[in-house]
Amino acid sequence: MAVDDKKTFYVSVGAGEIVDEPGEINFDFEIRATSEEIDKLAELFEVLEESDNKTHFRALLPFKEYHKDKENDEYDYELKEIYQTLYNLGTEETRQHIEKMNVLQ
């Protein structure tokens, strides 16, 4: 696939999955992307998973407040980066859905 060739992909944010056939997963969003853009999105999902693992350990510390926690801030930032990427690559329906979610404010 050439750099300018975009293909349709389906994304599940909760599962951190990206596929090119809609029946393979229960997807949240439809996007159009190049292979390079998909690689970047996959990297963002990997970083989000690492951040999620760090927040798990924080959850075991009941005295540490969520809003004063670097690990949760990192997770929130990575999740916002994913939604911004999905918005940028998304179909009109995907962009409208993300706008209604109010996650990019």
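The values are calculated or read from the model by the stated rules, or taken from the named source; none is laboratory data. All of these numbers come straight from a predicted model, not from anything done at the bench. Remember, those area values only see protein heavy atoms, side chains included, never the ligands or the DNA or RNA. Shrake-Rupley method; radii C 1.70, N 1.55, O 1.52, S 1.80 Å.
Data for the structure
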read-out	value
Reachable aspartates and glutamates, given that their alpha-carbon falls under 15 Å from the alpha-carbon of LYS70 and they are not under 8 places away in the same chain	GLU50, ASP52, GLU78
Rg and Dmax of region 1-48, Cα atoms only, in Å	10.5, 29
1.4 Å probe accessible area per residue over region 7-59, in Å²	57
Backbone HN-Hα couplings from phi across region 81-96 [Karplus 6.51/-1.76/1.60, Hz, Gly and Pro as x]	4, 5, 5, 5, 5, 4, 4, 5, 9, x, 5, 4, 4, 4, 4, 5
Above-threshold pairs, the threshold being 25 Å between Cα atoms, out of LYS7/LYS80; LYS80/LYS100; LYS6/LYS54; LYS6/LYS80; LYS40/LYS80	LYS6/LYS54
